[in-house]
Structure formats: C-alpha cells, structure tokens
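The values are calculated or read from the model by the stated rules, or taken from the named source; none is laboratory data. Here the structure is a predicted model, which is why all the values come from computation and not from measurement. Ideal geometry is used to build each Cβ from the backbone, glycine not excepted, and the neighbour counts take in all protein chains shown. Heavy atoms of the whole protein, side chains included, go into the accessibility calculation; ligands, DNA and RNA do not. Shrake-Rupley method; radii C 1.70, N 1.55, O 1.52, S 1.80 Å.
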Amino acid sequence: MRYLLLIISLSLLSYHSIAQEVVDSLDTKWKESEIKQQFHLKAGFQTDFSLGESYISSADSPALGFNIQADWQFYKSFQLGLGMFNTYHKNLDSSVSGLVEQINLTGTSIGIGYLIPLSEIWSVSPHIKYAAIKLNQKTAYQNKELEENADMIIVGASINYQLNNNISSFIDVEFRQLYYDIDPSPQLQELYDNDHFLTLSIGLRYSFFSKKSLF
C-alpha cells in the first residue's frame, strides 16, 4: 500500500511539473506575441519635391499635404500598412499644363515594411508601397474640374523616435514613382508619361498594446 501511495505521489508531482512547464511556456509565448504583434496609427504632414520633367513639375515646389496610415505588426517585425495621402500642387505653368492650374493628388496605399530597432528608443522601418492615385485638376476655364487616374510605387524608410510607451515621432523619406493614365499626343508624351518625387513626412505614431519596449 505504501508503494502504491508513493507511486501515485510521484505521478502527481511529475504531472504538476509538466503542466507548470507548459503554462510557463505558453505565458512566455503570449508575452512575446503581445510585444511583437501591435497596431500603429500614424499621421503627419508631407511635402513633395518633383525630380522629373512633367506637367506637375512645372507647379510651385514643394507641394504640401498630409498623410495617415495604419500598420499591423503581424509577424516578428514585419508590418502591413494601409494609408492615404493628399498633396496640393498649384500654379502650374500654362505653357506646359494648358488650362490646368492646380492639381489635388490623392492616393490610397498598401504596403509592407520591416521594423529594425537601433536602440531602446530609435528604430528604422524600410518599406515599399503601391498607391492608387486620383488627380483632381482645376482648370482656368470656368473653374471646371477634371479627374484622371494614375499608379504610384513608393520606396522609402521611416525613422522613429520613441517618446514614451505608446507615442513615437517619425520622419519618412520616400522616393515615389508616378505613372499617369493619360494618352497625350506624341509631342507631349514625356510630360504626361510618368513623374517621380522625393517626399518628406513628419508626424506622430501611436502604438496600441505596447509594453515598456516595442521590440
């Protein structure tokens, strides 16, 4: 009988030890997941510097605008982002743009990035995005407005500075390639084919489910 009680006691201790190891392992994985899987909401102001020769590049430079974006940090440090931005290009050269005086460029983007920690408070996030573009053009003739579609490829990086557990400031540096959906005459093909910009953005990012460190 004593041997039977001893065997039962050892079995219970072994079971408790294994169960505790499983709980500890799951708890550790949950904490790691909680740190790595986050949602970030960022908003800021941006300015575009046209680098090419196009009818938009004839506008006053730089153009001013704003952007907002939501990022899901879904696997380790990979981020999937959805966003929108708007820039306002005014005072186009009529000898190049014809009757178009102003352009409101609105984009809706999707992209992927990777968060690289540099220290406890600094990080950098290289990214690539695709954006669907609407060009709302205001003409000098009876203030009529025209709308054109375009596509944009964006390659850049975000430099982040963590102010506290949830809030970071950021500076984005991006190269943007714009492809117009316009069918001009052969003489104007270069001006209405594509364009590229250097875009600088500055703003704040709010991180949900943050711990002491984002990394």
* To do: Any chance you could look up the accessible area of His40 with a 1.4 Å probe, heavy atoms only, rounded to 10 Å²?
  => 0
* Asked: Glu53 accessible area, nearest 10 Å², 1.4 Å probe?
  -> 150
* Structure fact -> For the Tyr114, Glu148 Cβ pair and Förster radius 30 Å, calculated FRET efficiency rounded to 0.05 is 0.35
* Asked: How high is the FRET efficiency from Val124 to Lys90, r the C-beta distance, R0 45 Å, rounded to 0.05?
  -> 0.85
* Excluding ligands and nucleic acids, what accessible area in Å² is computed for Lys76 using a 1.4 Å probe, to the nearest 10? -> 110
* Asked: Counting only residues 5 or more places away or on other chains, whose amide H sits under 5 Å from the amide H of Gly52 once H atoms are built in the peptide plane?
  -> His196
